[in-house]
Amino acid sequence: MEQVKITLPEDEIPQRWYNIQPDLPAPLAPPINPKTHKPLGPEDLSAIFPMELIKQEVSMEPWVEIPDEVMRAYQLWRPSPLCRARRLEEYLDTPARIYYKDESVSPPGSHKPNTAVAQAYYNKEAGVKRLCTETGAGQWGSALSFSCTLFDLECVVYMVRVSYEQKPYRRLLMQCWDATVHPSPTDLTNAGRKIRERDPDTTGSLGIAISEAVEDAASDEDSKYSLGSVLNHVLLHQTVIGLETKKQLALVDEEADVLVGCVGGGSNFAGAAFPFVKDKLDGKEIDIIGTEPTACPTMTKGAFRYDYGDTAKLTPMLKMHTLGHDFVPPPIHAGGLRYHGCAPLVCLLVSQNVIEPRAYHQIPVFDSALTFARTEGRLCAPETSHAVKAGIDEALKCKETGEEKCIVIAYSGHGFFDLASFEKYFEGDLEDYAYPQALIDKALEDVPDVDESSIMD
Ligand SMILES: Cc1ncc(COP(=O)(O)O)c(C=O)c1O
């Protein structure tokens, strides 16, 4: 029998995370203070993050030891399987070999707990009692709720209002893990009240929810803030995905020729890709492709410059591809991946042509999710569908050229709580939509120019 699931024993969970910072092909621009435009020091971040995570944010050590208690939490679902998508290959009639690294097997159903358990652990160690965060469709909120339960921390989640109303099941899942969930914007924070005064009917956005969670955390001594993507330490924790994938490919004598993933803030993609990026920088040939929706085309159309991480301009400014911090996603778009910015580490590698960004319309993306479900049986999250679409496209290219490439798809999560989006798709209520360049240009007018030469000296 040909092998389908390539599994590793539990003692093969990687014991160290891979930090790409010392291996980057160009210097990473540091986060800067939104008022002074000066690079931030550790003390600037200590109101919202514990020191261990701040150290990881700037660490130049190539490997970071995973604490025992985080390993014990990882054992609940790791190592995750790498699966060969044979039925999909047969359906596509491609000579390519397609694998997918299945992060949907975690308790909340996505890659997000890889960093959530680590963040909960470091906060607990630092004596923190309560973690505040934001969530869009609820994947990150549910991952942090689950992780806070493991480490006995209180969890407060600001959930984008439109999702809070339209997606009750993830909210209920968070409540099962004992979290408090607020529809954002709320009247509980200055940021929330201001936005509600200006626009009482706002459906909310991730940028607004981040502003509320940061404000809440910064104004309470026992609380800290936790972010599910974008920052260096989050991407670091996610590298367990790529490190396991490499071990699994080696078990079946494979090497990846193509690696595809979806990019929201960039964490699952970076986690799967960075260990392979290192090989590419060392001269190996591999195509590393990050995919995003045309409705939120951060990497493909955004400007690569400093911008705020949130709508209220409370967070540090980061150098990243951005659509402008007050971006609100178009309501006709059903998928996730709706953040205006993206991880500075991923953006730097895009700007250096190490990572290829690619944008897809939502209807073909949902088509691909169903092709996958009807061949492999698994229904992926709308975010993950972007990666599946890229994997299918690459396999079809191989069909044309006859190349027998090894394609790896970063399969970030299942779609069981996203069935309402699939219902919209079945009913023909989804439209393809490309976010207009004019709106991006207009939004960026509101972002102050930062003199980068003085920062990078
Ligand atoms: C299943 C899934 N994949 C991907 C993403 C995008 O996030 P990131 O780019 O940080 O991996 C999300 C975000 O919530 C998600 O839930």
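Would you mind ranking Cys176, Cys155, Cys83 so that the residue whose beta carbon has the fewest other beta carbons within 10 Å leads the list?
Least to most surrounded, the residues fall as Cys176, Cys83, Cys155.
Roughly how compact is the range 1-56, stated as its Cα Rg over 2.2 N^0.38 Å to two decimals?
After normalising by residue count via 2.2 N^0.38 Å, the value is 1.88.
Using only the Cα atoms of the chain, what semi-axes does the equivalent ellipsoid have when each is the square root of 5 times a gyration tensor eigenvalue? Give whole Å, largest first.
Equivalent ellipsoid semi-axes, largest first: 31, 24, 23 Å.
Report, in cubic angstrom per residue, the convex hull volume of the C-alpha atoms of the range 274-363.
So the per-residue hull volume is 99 Å³.
How would you rank Val450, Val234, going from fewest to most other Cβ atoms within 10 Å of each one's own Cβ?
So the residues, fewest neighbours to most, are Val450, Val234.
Can you give me the P(r) profile for the range 186-237? Cα pairs, bins 5 angstrom wide beginning at 0, each as a whole percent.
Once binned at 5 Å, the Cα pair distances of the range 186-237 give 4, 19, 24, 20, 16, 11, 5, 1.
List the relative contact order of the range 373-430 as a percent without decimals, with contacts defined as Cα pairs under 8 Å and 6+ residues apart.
So the answer I get is 44 percent.
Plugging the Kirkwood radius over Cα pairs into Stokes-Einstein for the range 171-260, at a temperature of 10 °C and a viscosity of 1.306 mPa s, what D comes out in µm²/s?
96
Express in % the proportion of alpha carbon pairs of the range 109-165 at distances exceeding 15 Å.
So the portion of pairs separated by more than 15 Å is 43 percent.
Apply 1/(1 + (r/R0)^6) to the Cβ-Cβ distance of Lys278 and Arg87, taking R0 = 41 Å, and write down the FRET efficiency to the nearest 0.05.
0.80
Would you work out which of Gly413, Leu314, Val354 lies farthest towards the positive end of the dipole of the range 282-413? Charges go on Cβ: Lys and Arg +1, Asp and Glu -1.
The residue sitting most towards the positive pole is Leu314.
Under the rule a/c < 1.5 gives rounded, and otherwise a/b versus b/c splits prolate from oblate, where does the range 172-328 land using the Cα gyration tensor?
Prolate.
First obtain the Kirkwood hydrodynamic radius of the range 380-457 from its Cα pairs, then insert it into the Stokes-Einstein equation at 25 °C and 0.890 mPa s, and state the resulting D in µm² per second as a whole number.
Translational D for this selection: 145 µm²/s.
What percent antiparallel are the DSSP beta bridges of the range 47-177, to the nearest 5?
Counting only bridges with both partners in the range 47-177, antiparallel ones make up about 35 percent.
Among DSSP beta bridges whose residues both lie in the chain, state the antiparallel percentage, nearest 5.
Beta bridges within the chain, antiparallel portion: roughly 35 percent.
Is the range 350-410 rounded, prolate or oblate when judged by the Cα gyration tensor, a ≥ b ≥ c being the square roots of its eigenvalues, rounded requiring a/c under 1.5 and prolate requiring a/b larger than b/c?
Verdict is oblate for the range 350-410.
For a footprinting-style exposure proxy, rank Asp220, Asp287 by other Cβ within 10 Å, fewest first.
Asp220, Asp287
Taking a Cβ-Cβ separation under 4.7 Å as the criterion for a possible partner, which cysteines of the chain have none?
That list is Cys83, Cys132, Cys176, Cys262, Cys296, Cys342, Cys347, Cys380, Cys398, Cys406.
For Cα pairs less than 8 Å apart in space and 6+ apart in sequence, what is the mean separation divided by the residue count of the range 307-346, i.e. the relative contact order in percent?
Over the range 307-346, the number comes to 39 percent.
Check cross-link reach from Lys319 to the lysines: straight Cα distance under 21 Å, and skip same-chain residues fewer than eight apart.
Straight-line reach from Lys319, under 21 Å: Lys35, Lys38, Lys55, Lys301, Lys442.
Taking 8 Å as the Cα distance limit and 6 or more residues as the minimum spacing, I'd like the relative contact order of the chain as a percentage.
19
Can you check how the C-alpha radius of gyration of the range 26-123 compares to 2.2 N^0.38 Å, as a plain ratio?
Cα Rg divided by the expected 2.2 N^0.38 Å: 1.55.
Could you state the principal axis extents of the C-alpha atoms in the range 63-113, from the largest down, to the nearest angstrom?
Principal axes ranked by extent give 45, 26, 14 Å for the Cα atoms.
State, to one decimal in nm², a quarter of the convex hull surface area for the C-alpha atoms of the range 213-299, i.e. the direction-averaged projected area.
Dividing the Cα hull surface by four gives the mean projection, 7.7 nm².
Give me Rg/Rg_expected for the range 45-178, where Rg uses Cα atoms only and Rg_expected = 2.2 N^0.38 Å with N residues.
That works out to 1.25 for the range 45-178.
None of the figures in this text is laboratory data; all of them are computed from the coordinates on show. Everything numeric in this text was worked out from a predicted model, so none of it was measured. When we count neighbours, we look across all protein chains shown, and the Cβ atoms used for this are built from the backbone with ideal geometry, even at glycine.
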